[in-house]
Amino acid sequence: MKKSFFSTFIIILTLSGLTLSGSVQARMKCWTNNEGVKECGNAVPPEYAQKGHEELGKSGVVREETERAKTDKELDEQKRLDAIKAEEERIAAEQKKKDDVLLQTFSSVEDIERARDERLTSLDAAIKLTQARNEKIEYDLDKRIQNAAAAERAGKAPSESLLDAIESLKRQLKNNDSFIEAKRAEQEVIKEAHAKDIAHFKKLKGIK
């Protein structure tokens, strides 16, 4: 009770003295000392500068309040939260760019489906062309393998050039099979990507 009365007395006494000068009154600051007593003056003592204070205007009304300085732990936490917020804003900005591109590129679901089908058709053509090449390679490979077998039946060793040709044709078949497998995998990726684009386009356009 005494502490509260003493605190109120200090503030009233200070305000009474400062009302003599408008310029001094505008600079009046109030803080809480280590005993929990509120004190006022023209400047905050250095030992209380990190604890926060209030700046009073006319009639003792609080004009501005300065918060206490944050601890190192609080500053680290604030940095962490700021980093999370910055990352969320970056992701949101990237998504907006993607949304804008989607809406600018296509005007309807049919446009997206048409683009998907064109890409799938192009890959189908590449796959069929490679399969046709494989048929020819397999025909040539079978002939050379038969020639090598005939030479062995005749008691002769197949020529190096013949054996090299057989190995080369086998490598071509293997490479072509890998190419076909990759293109088919690419088709599945395209189907999945366009399915997501269609669903997102409908969401952006409010289409059910």
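The values are calculated or read from the model by the stated rules, or taken from the named source; none is laboratory data. Computed from a predicted structure; not experimentally measured. As a convention, Cβ positions derive from the backbone with ideal geometry for all residues, glycine included, and neighbour counts pool all protein chains shown.
Tabulated data
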| read-out | value |
| --- | --- |
| Condition check for residue 195: part of a helix (DSSP H, G or I), at pLDDT 95 or above and more than 28 Å from residue 145 (Cβ to Cβ) | yes |
| Residue check, residue 118 within 28 Å of the chain's Cα centre (by Cα) and either assigned to a helix (DSSP H, G or I) or touching a residue at least 60 places away in the same chain (Cβ under 8 Å) (or both) | no |
| Unique residue being outside the structural domain of residue 194 (by TED's automatic domain parsing) and either of a type in the set (Val, Ile, Thr) or in a helix (DSSP H, G or I) (or both) when the list is 164, 100 | 100 |
| Exclusive hit being among the aliphatic types (A, V, I, L, M), more than 30 Å from residue 95 (Cα to Cα) and surrounded by fewer than 13 Cβ atoms within 10 Å (Cβ to Cβ), set 154, 165 | 154 |
| Checking residue 82 against (1) under 30 Å from the mean Cα position of the chain (by Cα); (2) under 26 Å from residue 203 (Cβ atoms); (3) of a type outside the set (A, V, I, L, M), the condition it does not meet | (2) |
| Breaking point among (1) of a type in the set (Ser, Thr, Tyr); (2) out of contact with any Lys or Arg (no Cβ under 7 Å at 6 or more places or on another chain); (3) modelled with pLDDT under 95, for residue 108 | (3) |
| Filter result (of a type in the set (Lys, Arg) and in contact with a His (Cβ under 7 Å, 6 or more places away or on another chain)) within the range 84-124 | 116 |
| Residue tally, condition at pLDDT below 75, over 46 Å from the mean Cα position of the chain (by Cα) and aliphatic (A, V, I, L, M), over the range 10-66 | 10 |
